[in-house]
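See below for the structure under consideration.
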Amino acid sequence: MRRAWRSPRTLILAIALGAGLAAVGQSSGSVAVAPQYDTTHVYVAPADVDSFVKCFLGTFGGASTRQVVATVTPTPSSTTSQLLQTPHGTVSLFGFTTPVPYPFGAERTGLLVTDLDEAVKRAEAVGAELVVATFPDPIGRDAVVRFPGGVLTQLYWHTIKPSYAAFESLPENRIYVSPDGANAFLRSFLEFSGGHVVKDEKSADGSEIGRGGYRFRRIEIESSFGKMLVFVTDGILPFPYGRETTGYEVIDLPATLKKATSLGASIIASPVTVDGRSSAIVQFPGGYLAEIHSPASPTQ
């Protein structure tokens, strides 16, 4: 296995970079609104929309906005669209009745910003690519950017300012990047978001991502957009790890899993407990994969 940073000069640079990552963004402000305005994008077949809604809301609580049929892309298309708002995270649900235009469906999240033009400008200034130029949608404007490391994200701005209740627990945006792309992604996103590193674990237990005995870098980030969990791995990941985009925190994992499976979800990765946290991966009707976690009970 290759060992990095062998020379003293390179080691000093690496230490400086690590310290810099923790500080980046703390004084730069943010274009974020608040975590409850950011959504996970979920695409399912129209026939699966109702079963997904029933299962997801039955698992996490909350309610759906009225379902509409709209064009939400800059080129012709048609989809059902609704917002599933729960105490643990929000989903933008799409059931396209036409082919999905590129690159939609590959973006993982939508982030509401205070000023779309300023957000795009900031993203490009920190190394992100503008993949889809700003375009109007039925309730505002959007753009799609790609951060270093290949992380595709949609940025939103709403014509009428929404007002949503804060989450009971913040969901995690789960990001998988390579060692070669990790620092570039971190520096870019931290500066864009005005966030900070909460914890940077250099030798985390691979059991959390389905590889017992493997060690990897695990980074927790917080910003005005919410929580992010970054996994820096060699890319050798057993299914379904790397396919899930969001982690949802609940009080009682076994009870939540029982509720989800009773409503049609399947447990794809059985619960595992690592460093005081129990987690599992669930597949909801329509194929959406989600990580669900809770603090481990004293008996686990």
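Throughout, read-outs are computed from the coordinates displayed, never taken from laboratory work. Note that the coordinates shown come from a computational prediction; the quantities given were computed from them, not determined experimentally. For neighbour counting, all protein chains shown are included, and Cβ atoms are generated from backbone atoms with ideal geometry for every residue, glycine included.
So here's what we get for this one:
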quantity: Over region 245-300, volume per residue of the alpha carbon convex hull, in Å³; calculated: 71
quantity: Loop sites in region 192-300: trypsin sites (Lys or Arg not before Pro), DSSP, at most 14 other Cβ within 10 Å; calculated: none
quantity: Estimated [θ] at 222 nm from DSSP helical runs (n ≥ 4, -39500 (n - 2.57)) normalised by residues in the chain, nearest 500; calculated: -6500 deg cm²/dmol
quantity: Kirkwood hydrodynamic radius of region 178-273, from inverse mean 1/r over distinct Cα pairs, in Å; calculated: 15.1
quantity: For the chain, alpha-carbon Rg over 2.2 N^0.38 Å; calculated: 1.00
quantity: Spatial extent of region 35-158: Rg and Dmax, with the Cα atoms as the point set, Å; calculated: 14.5, 42
quantity: Percent of beta bridges antiparallel (DSSP, the chain, rounded to nearest 5); calculated: 80
quantity: Cα extents of region 113-198 along the three principal axes, largest first (Å); calculated: 40, 34, 18
